[in-house]
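Each remark here refers to the structure printed beneath this line.
The values are calculated or read from the model by the stated rules, or taken from the named source; none is laboratory data. Because the structure is a prediction, the values reported are computed rather than measured. For neighbour counting, all protein chains shown are included, and Cβ atoms are generated from backbone atoms with ideal geometry for every residue, glycine included.
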């Protein structure tokens with residue numbers, strides 16, 4: 001039996017992007033079905049919406065997939081083992097800061113902001129993909145630090161999970177700062193400052209490694 005509702009008069013791919021911007025700007029709970037229908041346009045009715053997307057929750061899941069496959073790829077460098085560990089982390093921070101300040105979409109990061117204030121049972125139930133993305137990025141930072149310790153770039157006294165928390169906290173904090181209107185130039189300069197933590201630890205590693213000291217002297 002054919003599904004009820006008017007025939008689609010909208011581009012589904014475009015509709016996903018429009019919904020993405022709404023969820024990104026307002027979060028899951030605050031984005032209403034009426035807002036989604038209005039943004040998607042094409043005279044879409046509630047039956048048409050449900051026929052096309054299944055539910056608000058199902059649409060949000062598609063939006064998250066779209067975000068992670070596009071804007072969310074700024075963290076890809078964390079998993080690129082051809083990059084030096086420091087470079088991998090710095091690239092992620094700089095690319096994320098740039099993306100979050102771009103003018104053609106809402107400020108901040110959907111992974112950080114989309115459900116951080118989740119209050120309904122429904123929003124709590126669908127927060128897993130975002131939490132999983134954040135956990136994956138955190139694990140990527142930990143792996144970079146472990147690689148640096150193994151290579152002698154950081155001292156063995158560094159606790160990977162602790163140092164990773166520093167960089168991860170900064171990464172997540174960029175979202176609030178970008179949403180508050182801080183410029184890309186300011187956030188990018190802050191990346192330089194936070195990477196100084198890595199450099200100070202690297203100096204300690206060199207001081208504790210006589211061979212590295214000799215290489216620097218030569």
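Overview of results
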item: Residues (part of a helix (DSSP H, G or I) and over 13 Å from residue 167 (Cα atoms)) located in region 137-151; result: 146, 147, 148, 149, 150
item: Qualifying residue in region 105-119 (condition: more than 20 Å from residue 21 (Cβ to Cβ) and modelled with pLDDT under 95); result: yes
item: Selection count, region 45-64, where residues are part of a helix (DSSP H, G or I), out of contact with any helix residue (DSSP H, G or I) (no Cβ under 8 Å at 6 or more places or on another chain) and modelled with pLDDT of 90 or more; result: 1
item: Selection count, region 65-83, where residues are surrounded by 15 or more Cβ atoms within 10 Å (Cβ to Cβ) and assigned to a loop (DSSP other than H, G, I, E, B); result: 1
item: Matching residues in region 150-178 - criterion: being within 25 Å of residue 131 (Cα to Cα) and buried (at least 17 other Cβ atoms within 10 Å of the Cβ); result: 160, 163, 164, 167, 168, 170, 171, 172, 174, 175, 177, 178
item: Positions within region 84-97 being surrounded by fewer than 22 Cβ atoms within 10 Å (Cβ to Cβ) and closer than 19 Å to residue 154 by Cα, in sequence order; result: 84, 86, 87, 90, 91
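Residue by residue, here is whether (1) under 13 Å from the mean Cα position of the chain (by Cα); (2) in a helix (DSSP H, G or I); (3) under 18 Å from residue 25 (Cα atoms); (4) not assigned by TED's automatic domain parsing to the domain that holds residue 18 holds:
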| site | (1), (2), (3), (4) |
| --- | --- |
| 99 | yes, yes, yes, yes |
| 131 | yes, yes, no, yes |
| 135 | yes, yes, no, yes |
| 153 | no, no, no, yes |
| 157 | no, no, no, yes |
| 172 | yes, yes, yes, yes |
| 182 | no, no, yes, yes |
